[in-house]
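Notes for the one structure printed next.
Read the figures in this text as sums done on the coordinates, not as results from a lab. Keep in mind that what you see is a predicted model, and the values were worked out from it rather than measured. Positions of Cβ are generated from backbone atoms using ideal geometry, with glycine treated the same way; all protein chains shown enter the neighbour counts.
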Amino acid sequence: MRTSLRRCPKCQEYTLNDLCQRCGSKTFVPIPPRYSPEDKYGEYRRRLRKEGEDQYGKHKDNLL
Ligand SMILES: [Zn+2]
């Protein structure tokens, strides 16, 4: 059995109740990070940029 952990947006505290015991705010179930094409391209772009930086670093070393 799985209990859904809820979180208060104000206190940033985790609770199992619908309402935060501290401030009474309505808590929400944090959505787990999902795989998305955007993230994939972001990762690809980051990797490309890193490689570019590495190449630039090599060129810099060659110039020096
Ligand atoms: Zn709260």
Below 10 angstrom from the Cβ of Cys20, what's the summed charge of the other residues (Lys, Arg +1; Asp, Glu -1)? +3
Inter-probe distance in nm under a simple model that places probes 7 Å from Cα toward Cβ, at Ser25 and Ser4: 1.9
